[in-house]
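Chemist: My structure is below; once you've seen it, I'll send some questions.
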Amino acid sequence: NACTFFEEPTLLLQFQANDRESALFDTLLTYIPHWHIYKNDDNNFPFKRVLSHSVEGCLSHSRNWFCELTHQLGAYGHAKEILWETTDDTLYCFKSLFYNQLEYQRNLAHDELLNKAIMDDFRDELNRNFALSRPRDMTEIRKKDAKLGMTRPMKIALYGGDGSNGSYAWNNLEELVQNTQSLKKYHGIVLDLVTDLNERTIAEQARTFNEVDAIVMAMGDHMANAVFATDDISFVEVGCGKQSLIGNARFMALILGTHRNVEKCHDDHEDDDICALCSVGESHSNSFTITQSAFHEIIDDLVKAHQEKISFIRDTR
């Protein structure tokens, strides 16, 4: 077999290319603390080459979510990418090799590695490089609004998924939104129904999460875009399975967010329970609905929480 030898220090980059949430929690959140150190050391990265085993061309502009985020961060300094050869006949030999231990930080169990200061730096960098309209910390803007007596309408992004590739599909979300918008009680609330989230560019996905005060969506890896949201945002995930990784209390603490998981209804559920009515006969169904009353209660709770945040800032300025 042929042997390709690399004299320069090399980073072996591995991640789940087709799962944004896994790429975030299994790879990026493990790497961020190291990026933070190298960046603040005058971009003194210890490796000169990057070998991407997951996506070719990952160091340049990319349609892959993980690759585009790391490109915008300048996550590898001035390192050059090495193309992975398609043949299995090549033996790779390295004088010095760096690599990420996948899933090491999936549950954020290692508190000493990733703190809020590092997470803030990471999210601020994303905010600048994606030219997002809202800063990560909205406190000063809300203080100015309060001083001027200005009240901005609350905006909620909603997405029901598309049911493709095993993802969830919230079948009656459009109907719920239309019925809610017709009620006078909700005329001061902007319900932004997103139908094409996964078809949007990465920058558009970032703006979708950044420009709202709350997010109500079907479970799915699109929730990794939570890194673009502002501090103190509320998330509600609805579906028939386990909550996504962003529901981890440690992650919510890092972004000062709150998370609510609306799960599958039990067989003996009451009519007023807030739960997902999943397709009958399928224990792992990907299609669900929720009642109008449950939807209204979700929206009411989000509006109340948002108003309390605004009132607190107004009363303490």
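The values are calculated or read from the model by the stated rules, or taken from the named source; none is laboratory data. Quick caveat, the model's predicted, so the values are computed rather than measured. Using ideal geometry, Cβ is built from the backbone for each residue, glycine included, and neighbour counts are taken over all protein chains shown. Accessible surface areas use protein heavy atoms only, side chains included; no ligands, DNA or RNA. Shrake-Rupley method; radii C 1.70, N 1.55, O 1.52, S 1.80 Å.
Chemist: Under 20 °C and 1.002 mPa s, how fast does the range 207-317 diffuse according to Stokes-Einstein, given a Kirkwood radius computed over C-alpha pairs? Answer in µm²/s, whole number.
Modeler: 142
Chemist: Taking C-beta distances below 4.7 angstrom as the pairing criterion, name the unpartnered cysteines of the chain, in sequence order.
Modeler: Flagged as lacking a Cys partner: Cys3, Cys93.
Chemist: Starting from the Cα-Cα distance between Asp301 and Asn40, subtract it from 0.36 nm times their residue separation and give me the gain in nm to one decimal.
Modeler: Additional length available on full extension: 89.9 nm.
Chemist: Let me ask something additional. In the range 156-210, if every C-alpha pair distance is counted and binned at 5 Å from zero, what percent goes to each bin?
Modeler: With a bin width of 5 Å, the distribution comes to 4, 17, 25, 21, 19, 10, 4, 1.
Chemist: Here are some values of semi-axes √(5λ) of the Cα gyration tensor in Å: (i) 39, 25, 16; (ii) 33, 23, 19; (iii) 59, 22, 15. Which one was computed from this structure?
Modeler: It is the value labelled (i).
Chemist: Pick from Glu204, Glu125, Glu270: which residue has the top mean-square fluctuation in a GNM of the chain where Cα pairs under 10 Å get a spring?
Modeler: Residue with maximal mean-square fluctuation among Glu204, Glu125, Glu270: Glu270.
Chemist: By a straight-distance test (C-alpha under 30 Å), which lysines pair with Lys95 as possible cross-link partners, with residues fewer than eight away in the same chain excluded?
Modeler: Once the sequence-local lysines are set aside, what remains near Lys95 is Lys39, Lys48, Lys80.
Chemist: Sorted from largest to smallest, which semi-axis lengths in Å does the alpha carbon gyration tensor of the range 35-78 give for its equivalent ellipsoid, taking the root of 5 times each eigenvalue?
Modeler: 20, 12, 7
Chemist: Expressed in whole Å with the largest first, what are the equivalent ellipsoid semi-axes of the range 39-141 derived from the C-alpha gyration tensor as the square root of 5 times each eigenvalue? Numbers along the way, then the final one.
Modeler: Working: eigenvalues 174, 60, 38 Å².
So the three semi-axes of the range 39-141 are 29, 17, 14 Å.
Chemist: Structure shown: which of Lys184/Lys242; Lys242/Lys309; Lys147/Lys304; Lys144/Lys304 lie over 25 Å apart, alpha-carbon to alpha-carbon?
Modeler: Lys184/Lys242; Lys242/Lys309
Chemist: Further question on the same structure: So what's the net charge close to Thr30: Lys and Arg +1, Asp and Glu -1, counting the other residues with Cβ under 10 Å from its Cβ?
Modeler: Values: positive: Arg106; negative: Asp26, Glu103.
Cβ neighbours under 10 Å give a net charge of -1.
Chemist: Cα-Cα pairs above 21 Å in the range 1-79: how many percent?
Modeler: Tail of the P(r) past 21 Å holds 26 percent of the pairs.
Chemist: Which one of Asp268, Asp42, Asp162 has the biggest mean-square fluctuation once the chain is modelled by GNM with Cα springs under 10 Å?
Modeler: Asp268
Chemist: State, as an integer percentage, the relative contact order of the range 143-243 based on alpha-carbon contacts under 8 Å between residues 6 or more apart.
Modeler: 32
Chemist: Can you tell me what percent of all Cα-Cα pairs in the range 181-265 are more than 19 Å apart? Let's see the in-between values first.
Modeler: Working: 1460 of 3570 pairs.
Here the tail beyond 19 Å accounts for 41 percent of pairs.
Chemist: Sticking with this structure for a sec: Mean residue ellipticity at 222 nm from the helices of the chain, using -39,500 (n - 2.57) per DSSP H segment of n ≥ 4 over the full residue count, to the nearest 500 deg cm²/dmol?
Modeler: Roughly -9000 deg cm²/dmol at 222 nm, from the helical runs in the chain.
Chemist: Using 5 Å bins from zero, what percent of all Cα-Cα pairs in the range 76-128 falls into each bin?
Modeler: Over the range 76-128, the share of Cα pairs per 5 Å bin runs 4, 11, 12, 18, 19, 14, 12, 8, 3 percent.
Chemist: Could you size up the charge dipole of the chain around its Cα centre, putting +1 on the beta carbon of Lys and Arg and -1 on that of Asp and Glu, and report it in debye to the nearest 20?
Modeler: Dipole size: approximately 1360 debye.
Chemist: Membrane-span-like helices in the chain: DSSP H runs reaching 24 Å or more (Cα, own axis), mean Kyte hydropathy at least 1.0?
Modeler: Answer set is empty.
Chemist: How large is the direction-averaged shadow of the alpha-carbon convex hull of the range 121-213, in nm²?
Modeler: If I average the Cα hull's projected area over directions, I get 7.9 nm².
Chemist: Taking the range 216-279 as the region of interest, what is the percent of Cα-Cα pairs per 5 angstrom bin, listed from the shortest bin to the one with the maximum distance?
Modeler: Pair shares across the bins are 4, 18, 27, 20, 14, 10, 6, 1.
Chemist: What's the local net charge at Asp162, with K and R +1, D and E -1, over the other residues with C-beta under 10 Å away?
Modeler: Net local charge, Asp162 excluded: -2.
Chemist: So, one more: Between Cys58, Cys93, Cys275, which gets the highest mean-square fluctuation from a Gaussian network model of the chain, Cα cutoff 10 Å?
Modeler: In this elastic network of the chain, the residue with the biggest mean-square fluctuation among Cys58, Cys93, Cys275 is Cys93.
Chemist: How many Å² of accessible area per residue for the chain, probe 1.4 Å?
Modeler: With the other protein chains kept in place, the chain gives 51 Å² per residue.
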